[in-house]
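I have placed the structure first, in the form of structure tokens, so that the comments after it can refer back to it.
Every number here is computed from the coordinates shown, using simple stated rules; none is lab data. Remember, predicted model here, so these are calculated numbers, not experimental data. Cβ sites come from the backbone with ideal geometry, for glycine too, and all protein chains shown count toward neighbours.
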2 protein chains.
Amino acid sequence: MEKIIIDKLNKIFKERLLKAVDERVSYSYDASFGQHIPDLVVQVLSAEEVQKTVEIADEFAIPIYPRGASTSLSGGPLPVHGGIVMDFSQWTQKLEIYPDDLIIKVSPGVKTGDIHRLAEHYNLMYAPDPSSSSICTIGGNLAENAGGPRGVKYGVTKDYVIGLEVVTAAGKLIRTGGSTVKNVTGYDLTKLLIGSEGTLGIITEATLRLIPKPLDTMTAMVIFDDLYTAGKSISKILTAGVRPSKMEILDQNSINKVEDYAELNLPRDAAAIILVEVDGDPEVLPKELAVIKKALEEIGVSNVQVAENKEQEQKLWQVRKLVSPAIVTSGYTKISEDATVPLSKIPDMFKKIDEIKNKYNLNIVVFGHAGDGNLHPTINTNMRDEEEVKRVEFAVEEIFNYAIELGGTLSGEHGIGTMKKAFMLNEVGDDGLDFQKAIKKALDPKNILNPGKIFPEKGEKRLVLRNG
Amino acid sequence: MEKIIIDKLNKIFKERLLKAVDERVSYSYDASFGQHIPDLVVQVLSAEEVQKTVEIADEFAIPIYPRGASTSLSGGPLPVHGGIVMDFSQWTQKLEIYPDDLIIKVSPGVKTGDIHRLAEHYNLMYAPDPSSSSICTIGGNLAENAGGPRGVKYGVTKDYVIGLEVVTAAGKLIRTGGSTVKNVTGYDLTKLLIGSEGTLGIITEATLRLIPKPLDTMTAMVIFDDLYTAGKSISKILTAGVRPSKMEILDQNSINKVEDYAELNLPRDAAAIILVEVDGDPEVLPKELAVIKKALEEIGVSNVQVAENKEQEQKLWQVRKLVSPAIVTSGYTKISEDATVPLSKIPDMFKKIDEIKNKYNLNIVVFGHAGDGNLHPTINTNMRDEEEVKRVEFAVEEIFNYAIELGGTLSGEHGIGTMKKAFMLNEVGDDGLDFQKAIKKALDPKNILNPGKIFPEKGEKRLVLRNG
């Protein structure tokens with residue numbers, strides 16, 4: 001990096017400009033793959049600092065890579081072209097609730113879990129609940145449009161953001177949306193920017209909407225003898241007339257991984273389990289679970305275990321939370337996908353993943369947000385085994401292509417990042433990609449905001465496993 | 001219009017190309033103001049026809065104005081620069097439900113009410129319910145991101161669209177989103193296009209998501225002695241722990257207009273009434289209304305009348321539905337605004353509107369979607385009285401500016417169109433407007449898609465009342 005740039009940044013950030021390689025290495029990875037060491041890191045604490053940095057980046061055409069807690073599963077914050085990592089994790093100062101307006105205003109570094117706690121203190125709820133909520137930042141959630149188990153009833157991050165403050169690629173500070181849930185004043189820049197993975201603007205503040213916290217929850221575990229019926233049961237439950245607040249599936253492989261890891265007395269022989277939560281008035285919840293039970297009986301499923309108290313309920317949700325840690329500790333590298341399909345196609349997707357698993361002789365675990373059709377086929381692989389990595393790449397490609405064939409999508413909630421950009425064309429086509437690129441080019445003509453993400457670069461054809 | 005263009009369109013549309021002035025006049029207005037006669041009208045029935053028309057418009061740089069049922073309150077479909085009106089109202093052929101996937105696919109001319117009926121036949125619900133649903137088209141709802149009373153709990157049109165087929169300004173056919181609720185594959189073009197008022201692309205098909213139809217509803221009418229307390233009660237109800245499915249307010253003026261019109265035995269002396277609907281399990285509904293009653297008692301409001309049967313309930317909602325017709329029949333011209341403010345600011349907004357009403361000596365009726373902060377101050381005026389029209393213009397400007405000052409927005413659900421474009425700068429600022437314009441320019445470089453909407457043109461400073 002040129003000395004003049006370092007001097008300029010030094011003036012703004014002083015000890016919050018990180019130059020030493022050992023410091024920069026900490027900013028070279030996320031929860032996906034590849035290692036890319038940035039040239040510099042700045043720890044931003046204000047919109048003004050973001051603006052000044054963008055001005056410098058614009059002047060010298062240097063890439064900026066915004067980064068929260070680096071829990072991204074798609075390579076979102078990876079500085080693939082060097083440049084400056086903009087660390088938002090220290091900017092936690094703003095967390096203001098306006099209970100009468102049902103809104104919260106936050107700075108980008110605030111942890112999602114802290115937002116949950118503050119809202120709940122007022123008997124309100126911030127609905128999006130990515131599994132990483134205890135460590136991830138809201139800024140990252142906004143960039144990637146994070147999901148979570150409650151998505152089936154309550155939607156995703158985008159559905160709870162009504163206003164943003166954003167620094168544009170030209171260094172201008174703009175506000176999108178506002179403090180009202182309804183707003184049709186021109187284009188919906190709020191929803192365009194959320195999920196744009198930091199490629200169209202840098203979010204410096206968000207206004208989130210809250211809803212009343214449901215009075216109570218109840219949870220049941222449904223146990224299946226075959227995976228196909230488990231898949232079929234999802235549409236069945238969702239069309240029975242109740243709206244589950246969570247609906248998560250674990251296949252046999254996931255169940256056994258969790259059981260190995262935590263010994264929770266789970267049914268090791270089951271082909272799959274589905275955890276269903278309903279929420280609302282405590283009187284109605286047993287009735288709603290009865291409606292679900294009846295619907296399941298109609299397709300021959302009768303093994304439904306209802307948690308009888310809060311302790312049992314928490315234990316059931318513990319099972320879902322432990323899937324990822326259980327897989328991680330197995331020593332191999334974990335490749336988490338989130339191909340998503342229409343509800344009625346879930347059984348077909350399960351069948352296909354099973355075929356792919358056998359065809360390529362891979363260790364594939366399937367779990368995910370069943371109620372959204374958002375599955376997380378997760379592959380454990382030894383990254384040093386080049387031949388196996390090749391098989392993984394072919395397998396993932398087949399999963400993606402089949403999801404698209406079924407009318408589904410490459411990514412339900414993790415984002416495209418570096419991981420899936422090679423497959424964008426398959427889903428959106430040349431003209432669709434051109435439409436997206438035209439927006440990017442118009443808003444970031446010098447390509448300084450998180451370059452190397454979302455759009456495939458020349459020659460990229462496969463899953464990016466070995467880009468480090 | 002040049003002969004070569006007419007010949008080209010004639011080949012495609014034959015008797016569906018309307019050239020006669022008496023036919024074209026029918027396409028010159030909507031439910032807002034101004035009359036603009038298009039040069040030609042084409043009645044489209046397929047994406048291919050849309051593409052071919054766009055190719056011609058692109059070649060000869062002619063504006064295209066998409067139009068549904070022309071119920072727009074903001075001038076959305078008005079052909080302000082002549083050119084071609086693209087009439088979608090005949091394209092009603094596609095209305096396909098996939099109950100297991102909880103989705104419906106529609107062509108743009110389908111009436112919103114027909115979507116409601118089809119979904120309900122399967123015990124499902126398409127939630128957005130603009131007041132014009134018996135006549136408006138889904139295409140218009142998509143273009144304007146239509147709202148409706150159920151917005152307070154269920155959101156607006158945008159929240160129920162998961163995929164679009166769109167013809168771009170270059171005549172390409174692209175698909176955005178898909179058939180899954182979750183999708184983060186690149187930019188969210190679906191949500192960018194919805195509410196973009198036909199200025200970024202022409203929607204030729206939509207995939208809508210459905211939710212289970214709530215089992216039952218109950219409604220109460222709350223009667224207020226003063227408007228300020230009515231405003232305060234809105235936050236109070238929404239933070240009491242229940243989620244009303246509708247929450248509509250009518251001020252004294254509205255109440256009396258409806259009473260004059262339909263004699264429903266309404267409390268003429270009340271400063272305002274609020275209609276609150278709760279939905280869900282029939283056992284819980286009385287409990288939820290009791291929670292609301294208790295919350296209202298805490299601020300000294302005790303006049304709450306609960307509809308005791310379906311007939312009474314329907315009668316209450318009839319009151320809300322009759323507001324617009326009651327105002328229209330008064331003989332004067334109706335100017336409907338939809339300035340929207342944060343919930344806690346509703347009392348201030350009511351106070352201000354009252355001041356403005358007195359200051360300019362105008363007949364202003366206020367009603368609207370209280371639970372969203374989405375008010376519809378509506379002015380009855382004699383358009384032939386130039387002096388009064390001027391007062392209306394000043395009054396509307398003050399309402400807009402105050403809404404923005406309170407952290408609100410110019411438009412909650414009607415759109416900007418021609419009516420409010422002069423005020424865009426006040427809300428989004430120069431840099432915000434430039435950001436929006438950059439998107440427009442990138443996606444429609446020749447400005448052929450619904451030109452003259454959203455963005456202020458040179459010299460436009462006031463409400464467009466006399467643009468005809």
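Percent antiparallel among DSSP beta bridges with both residues in region B:3-87, to the nearest 5?
20 percent
Could you name the aspartates and glutamates in cross-link range of B:K357, using Cα to Cα under 15 Å and dropping any fewer than eight places away on the same chain?
B:D251, B:E337, B:D348, B:E388, B:E393, B:E397, B:E398
Could you work out how far the C-alpha centroid of region B:166-223 sits from that of region B:1-80, in angstrom?
Each part reduced to its Cα centre gives a spacing of 24 Å.
If you line up the long axis of helix A:3-13 against the longest principal axis of chain A, both from Cα atoms, how many degrees apart are they, to the nearest 10?
For A:3-13 against chain A, the angle is about 60 degrees.
Quick one: compute the contact order of chain A, relative version, from alpha carbon pairs under 8 angstrom and 6+ residues apart, as a percent.
16 percent
Any idea how far apart A:S26 and A:E2 come out in nm if each label point goes 7 Å out from Cα toward Cβ?
In this crude spin-label approximation the distance works out to 3.0 nm.
Where the eigenvalues come from the Cα gyration tensor of chain A, what are the semi-axes √(5λ) of the equivalent ellipsoid, largest first, in whole Å?
Equivalent ellipsoid of chain A: 37, 27, 20 Å, largest first.
Residues with beta-carbon under 14 Å from that of A:V428, excluding A:V428: net charge, scoring Lys, Arg +1 and Asp, Glu -1?
0
A:Q35 label points, 7 Å along Cα→Cβ, one per copy: pairwise distances from this copy to the rest in nm, shortest first?
7.5
Tell me which trypsin sites (Lys or Arg not before Pro) from region B:320-385 have a DSSP coil assignment and no more than 13 other beta carbons within 10 Å of their own.
Answer by residue number: B:R384.
Do you know the relative contact order of region A:369-458, to the nearest whole percent, from alpha carbon pairs under 8 angstrom that are 6+ apart?
24 percent
Which angle between 0 and 90 degrees, to the nearest 10, do you get for helix B:424-443 versus the longest principal axis of chain B when only C-alpha atoms count?
30 degrees
Quick one: work out the % antiparallel among DSSP beta bridges in the protein assembly as shown, nearest 5.
Around 85 percent of the beta bridges assigned by DSSP in the protein assembly as shown are antiparallel ones.
What order do you get for B:E197, A:E263, A:E96 when you list them from fewest to most C-beta neighbours inside 10 Å?
Placing the least packed residue first, the sequence is A:E263, A:E96, B:E197.
For the protein assembly as shown, report the translational diffusion coefficient in µm²/s to the nearest whole number, using Stokes-Einstein at 10 °C, 1.306 mPa s, and a Kirkwood Rh over Cα pairs.
Taking Rh from Cα pairs, D becomes 55 µm²/s.
Which loop-located GluC sites (Glu not before Pro) does region A:269-299 contain, where loop means any DSSP state but H, G, I, E or B and the Cβ has at most 11 other Cβ atoms within 10 Å?
Passing both the DSSP loop test and the Cβ count: A:E298.
Shielding of B:298-310 by partners, i.e. mean partner chain Cβ atoms within 10 Å per residue?
0
Show me the GluC sites (Glu not before Pro) within region A:1-48 that DSSP assigns to loop and that have at most 16 other Cβ atoms within 10 Å of their Cβ.
The qualifying sites are A:E2.
Compactness ratio of region A:322-450: Cα Rg over 2.2 N^0.38 Å, N = residue count?
Against the compact-globule rule of thumb, the ratio is 1.15.
Find the centroid of the Cα atoms in region B:289-333 and in region A:392-468, then give the distance between the two in whole Å.
51 Å
Evaluate the relative contact order of region A:167-232 (contact order divided by residue number), counting alpha-carbon pairs under 8 angstrom at least 6 apart; express in whole percent.
30 percent
Listing B:M383, A:M349 from the residue with the fewest other Cβ atoms within 10 Å to the one with the most, what is the order?
Exposure proxy ranking, most exposed first: B:M383, A:M349.
Could you pull the copy-to-copy label distances for A:P282, with points set 7 Å along Cα to Cβ, in nm to one decimal and sorted shortest first?
The projected label point of A:P282 is separated from its counterparts by 2.5 nm.
Across the residues of B:401-412, average count of Cβ atoms on other protein chains within 10 Å?
4
Specify the angular offset, from 0 to 90 degrees and rounded to the nearest 10, of the alpha carbon long axis of helix A:386-405 from the longest principal axis of the alpha carbons in chain A.
It works out to around 80 degrees.
Stokes-Einstein D for region A:95-212 at 10 °C, 1.306 mPa s, Kirkwood Rh over Cα pairs, in µm²/s?
Result for D is 113 µm²/s.
Below 10 angstrom from the Cβ of A:F367, what's the summed charge of the other residues (Lys, Arg +1; Asp, Glu -1)?
Its environment carries a net charge of 0.
Using Cβ counts within 10 Å as a stand-in for footprinting exposure, how do B:E405, B:E387, A:E337 rank, fewest first?
Fewest-to-most Cβ neighbours within 10 Å comes out as B:E387, B:E405, A:E337.
Quantify how strongly other chains surround peptide A:101-112 by giving the mean number of their Cβ atoms within 10 Å of each of its Cβ atoms.
Across A:101-112, the average partner-chain Cβ count within 10 Å equals 2.
Counting only DSSP beta bridges with both residues in chain A, tell me the antiparallel percent, nearest 5.
85 percent
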